[in-house]
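Asks: To start, I am sharing the structure in question, which I have written as structure tokens.
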Amino acid sequence: MIRIFLKHSLLFVLLFLLQVVVLQQLYFWYVVPLLYVYILIRWPATLSTGWVLTLGFLLGLLVDISADTPGMHAAATTFVAFLRPAILKGILSKEEIETVEPRERSMGFLPFWKYVISIVLLHHTALYLMESFSFFDPLLLLVKIIGSALLSLLLIFLIERF
């Protein structure tokens, strides 16, 4: 139990620092990779909903503080943390949820990537809808959501390979 906690704490710190120090500074035509959502993806499936919501909010709040955004990351991460158990239940059976760690090796390629793509798209959609707070420029909004999601998914894919 302590080993799992230390492993996830180290992943939290490393990915958070990578997001804040490196990725937050990169802009590719309004597109920013948001790798910190991978922390939420990797939390154990057996973690209670209350803990997932609390930790998701704190993760988003830390990103908000470092990026100087007014609660948008906290809201998007809490929203995804709320939907995470339902997404897992839709992809895995109850027995698998109790025994599996959310990784490609343990879940299998297709179920894991369905889960990851769902989480990333929901997170990025919520975040960029709150950021724009309108549908004034739907093409730019779509570019931000899809572009950031694709970059984030590419980074997650690379991390899963190592």
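Asks: Return yes when A149 is among the hydrophobic types (A, V, I, L, M, F, W, C), surrounded by 15 or more Cβ atoms within 10 Å (Cβ to Cβ) and touching a Phe, Trp or Tyr at 6+ places or on another chain (Cβ under 9 Å) and no when it is not.
Replies: Judged against the criteria, A149 is not a match.
Asks: Only one of V63, V80, V13, V22 is assigned to a helix (DSSP H, G or I) and closer than 21 Å to L142 by Cα; which? Step through it out loud before you land on a result.
Replies: Working: V63 fails: closer than 21 Å to L142 by Cα; V13 fails: closer than 21 Å to L142 by Cα; V22 fails: closer than 21 Å to L142 by Cα.
Step by step, each of V63, V80, V13, V22 is checked, and only V80 is assigned to a helix (DSSP H, G or I) and closer than 21 Å to L142 by Cα.
Asks: Scan region 102-112 for residues that are closer than 20 Å to L47 by Cα and assigned to a helix (DSSP H, G or I) and jot them down.
Replies: Of everything in region 102-112, those that are closer than 20 Å to L47 by Cα and assigned to a helix (DSSP H, G or I) turn out to be E104, R105, S106, M107, P111, F112.
Asks: Just to be sure, is V52 surrounded by 18 or more Cβ atoms within 10 Å (Cβ to Cβ) and either touching a strand residue (DSSP E or B) at 6+ places or on another chain (Cβ under 7 Å) or free of Cβ contacts under 8 Å to residues at least 40 places away in the same chain (or both)?
Replies: When the stated conditions are applied, V52 passes them.
Asks: Under 8 Å by Cβ, and 6 or more places apart or on different chains, what pairs join a residue from region 114-139 that is buried (at least 16 other Cβ atoms within 10 Å of the Cβ) with one that is polar (S, T, N, Q) and in a helix (DSSP H, G or I)?
Replies: Within 8 Å, the pairs are V120/S152; H123/T77; H124/S148; H124/S152; Y128/S148.
Here is a yes/no grid of residues against (1) among the aliphatic types (A, V, I, L, M); (2) surrounded by 12 or more Cβ atoms within 10 Å (Cβ to Cβ):
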residue: R3; (1), (2): no, no
residue: V20; (1), (2): yes, yes
residue: I41; (1), (2): yes, yes
residue: F57; (1), (2): no, yes
residue: D64; (1), (2): no, yes
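Asks: Being farther than 19 Å from S118 by Cβ, part of a helix (DSSP H, G or I) and more than 13 Å from the chain's Cα centre (by Cα) is the filter here; which residues of region 37-57 pass it?
Replies: Of everything in region 37-57, those that are farther than 19 Å from S118 by Cβ, part of a helix (DSSP H, G or I) and more than 13 Å from the chain's Cα centre (by Cα) turn out to be G50, W51, T54.
Asks: Kindly indicate whether F136 is in a helix (DSSP H, G or I) and either more than 18 Å from the chain's Cα centre (by Cα) or hydrophobic (A, V, I, L, M, F, W, C) (or both).
Replies: Criteria not met by F136.
Asks: Looking at (1) farther than 17 Å from M72 by Cβ; (2) out of contact with any helix residue (DSSP H, G or I) (no Cβ under 8 Å at 6 or more places or on another chain), which one does I117 not meet, given that it meets all the others?
Replies: So I117 meets the others, but not (2).
Asks: Shifting gears a bit: Taking the conditions exactly as written (free of Cβ contacts under 8 Å to residues at least 40 places away in the same chain and either out of contact with any Ser or Thr (no Cβ under 9 Å at 6 or more places or on another chain) or of a type in the set (G, A, S) (or both)), does F82 satisfy them or not?
Replies: no
Asks: A further question on this structure: Please indicate, with yes or no, whether at least one residue in region 84-104 is within 11 Å of the chain's Cα centre (by Cα) and either crowded, with 19+ Cβ neighbours inside 10 Å or closer than 16 Å to L153 by Cα (or both). Can you show your working first?
Replies: Of region 84-104, the ones within 11 Å of the chain's Cα centre (by Cα) are 84.
Narrowing the set further to residues that are either crowded, with 19+ Cβ neighbours inside 10 Å or closer than 16 Å to L153 by Cα (or both) leaves 84.
Yes, the conditions are met somewhere in region 84-104.
No lab work stands behind these numbers, since they all come straight from the coordinates. As the structure is a prediction and not an experimental result, all values here were calculated from the model. Neighbour counts are summed over all protein chains in view; Cβ atoms, including those assigned to glycine, are modelled from backbone coordinates with ideal geometry.
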